[in-house]
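The values are calculated or read from the model by the stated rules, or taken from the named source; none is laboratory data. This is a predicted model, so every value here is computed, not measured. Cβ: placed from backbone, ideal geometry, glycine included. Neighbour counts: every protein chain shown. Ligands, DNA and RNA are stripped out before the accessible areas are found, and what is left, the full protein with its side chains, is counted by its heavy atoms. Shrake-Rupley method; radii C 1.70, N 1.55, O 1.52, S 1.80 Å.
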Amino acid sequence: MAAPPTTPPPTTTHPPTAPGCPERPCITELRLSAFAGHRGAGFPLGPCTLLAGPSGSGKTTALRAYEALARLGGGAPLGEVFPDPAACVPERARPDAQRRRGFRIGCTADGPEGPVRLDVAVQAEPELRVVGERLTSGRMVLLETALRDPGRRAVQAAWHNGGSVPVTRAPLPDDRLGTALLPLRVAGKTDGQRQVLAAAEQMVVALRSVFVCDPLPERMRVPAPAGAGRLLGGCGNLAGVLARTREECARRHGLFVAAVRAGCAGNVTDVLAEAAADGTILGSLDRGDGHRAGFGRLGDGELRYLALALVLLTGPGVLEVDPAGEVPAALQTLTVLADGFDRALDVPQRTELLRLAARMGERGHIRWVGAVSDASWAAGEDGITVVHLEP
């Protein structure tokens, strides 16, 4: 596959890794070796990270790659993760003699096993398939796959064994992430096999709990259905979910009201969710003087602020995510991906949300990656990783 054009590497300023990372697996670096407009790019990720840059610098592309890895880590097939794979091929990449073009992405997961790297090469044309994958810990290759026979819908995989036979070889499907399949294929009888399983589990757990959030105010102004379940990425069912969270945890609701009070104009004594005559749920701000401001009357910035604050103060049990069910919640970290994080928000609202994200990040249970056009307003804020991108 032909090399794409060079993208200038990002510059970064970031604090030390959060103390909770070794106990709770988390993604600490995203790599776009050759993906859309990026080449040789690496993005360090802290507990609270801002990807900053003008339009066309690749912020949305980076978040899209992170989401893709998360879905692959959950076992999703390539066709679902990349419905338009040609859009992921590096710009101006020329096909090789066999008319093949593709892309390469990867990440690093830190945790109890130390830093574990995953790198994946995907062929986008003429057929979508994984053509190479490598899982490494330090200098040791724990899993490596390669496409040996283009006529077969499989890759040849080799993983570390550590027994009398140092490497086990077997075919794996070419439309899934091999790392996510290892627990079904590795017996765990030798120290080497157990090391492979532990590294693969760390990577999968770090990837799977991702919530892609882009609150859409026009949907939030419409009454929400009762029994809304978990919060959707567009937050159109915010009022319905709020009715649930008010009942489940008074302390968490109190923290949410305090955050809303800090970021919304006027007095706020409570955030309400009440049933309408037709059974739907209406959200409103209680002003404390007998007046209630319904969500339909709030501005775009206020509604986005409400939704993002609730996301930061909840978790997988409230948000529409697919965490690793076999791993205790106390050992997992939720990562929120927020494209256009600063859209419609004024500087005080952005700053308050960023401080809330940093406080939650310190606890180790939630991480935040937000894309903004400019991060100058975040200068001097503690616990924030800022990655500067250039078009």
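Selection within the stretch 150-161: residues that are surrounded by 15 or more Cβ atoms within 10 Å (Cβ to Cβ) and out of contact with any Pro (no Cβ under 9 Å at 6 or more places or on another chain). The member of this set that is farthest from Ala97 (Cα to Cα) is Asn161. A count restricted to the stretch 335-353 and to residues that are within 18 Å of the chain's Cα centre (by Cα) and either modelled with pLDDT under 90 or within 16 Å of Ser373 (Cβ to Cβ) (or both) stands at 6.
Looking across the stretch 354-382, the residues that are open to solvent by less than 70 Å² (accessible area, probe 1.4 Å) and either part of a helix (DSSP H, G or I) or over 17 Å from Leu337 (Cα atoms) (or both) come down to Leu354, Leu356, Ala357, Ala358, Met360, Gly361, Trp377, Ala378, Glu381. No other residue among Leu135, Leu118 is closer than 15 Å to Arg194 by Cα and touching a residue at least 24 places away in the same chain (Cβ under 8 Å) apart from Leu135.
The set of residues in the stretch 203-216 being surrounded by 22 or more Cβ atoms within 10 Å (Cβ to Cβ) and not β-branched (Val, Ile, Thr) consists of Met203, Ala206, Leu207, Arg208, Ser209, Phe211, Cys213, Pro215.
The sole residue among Leu143, Leu242, Leu147 that is crowded, with 21+ Cβ neighbours inside 10 Å, over 30 Å from Ile281 (Cβ atoms) and in contact with a strand residue (DSSP E or B) (Cβ under 9 Å, 6 or more places away or on another chain) is Leu143. Scanning the stretch 49-87 for residues being open to solvent by 20 Å² or more (accessible area, probe 1.4 Å) and either farther than 21 Å from Ala180 by Cα or in contact with a Ser or Thr (Cβ under 6 Å, 6 or more places away or on another chain) (or both) gives a total of 9. Those strands (runs of 3 or more DSSP E) of the stretch 1-92 in which 2 or more residues are at pLDDT 95 or above and not aromatic (Phe, Trp, Tyr) occupy 26-35, 38-44, 48-52.
So that you can scan it fast, the table gives a plain yes or no per residue for (1) open to solvent by 50 Å² or more (accessible area, probe 1.4 Å); (2) under 26 Å from the mean Cα position of the chain (by Cα); (3) closer than 21 Å to Asp214 by Cβ; (4) acidic (Asp, Glu):
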| position | (1), (2), (3), (4) |
| --- | --- |
| Cys249 | no, yes, no, no |
| Cys264 | no, no, yes, no |
| Ala273 | no, no, no, no |
| Asp286 | no, no, no, yes |
| Gly290 | yes, no, no, no |
| Glu302 | no, yes, yes, yes |
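Annotation: of all residues in the stretch 322-334 being open to solvent by less than 10 Å² (accessible area, probe 1.4 Å) and either at pLDDT 90 or above or not small (Gly, Ala, Ser) (or both), the one that is nearest to the chain's Cα centre (by Cα) is Leu334.
Report yes if Val167 is open to solvent by 10 Å² or more (accessible area, probe 1.4 Å), of a type in the set (Val, Ile, Thr) and closer than 14 Å to Glu144 by Cα, otherwise no. Taking the combined requirement at face value, the residue satisfies it.
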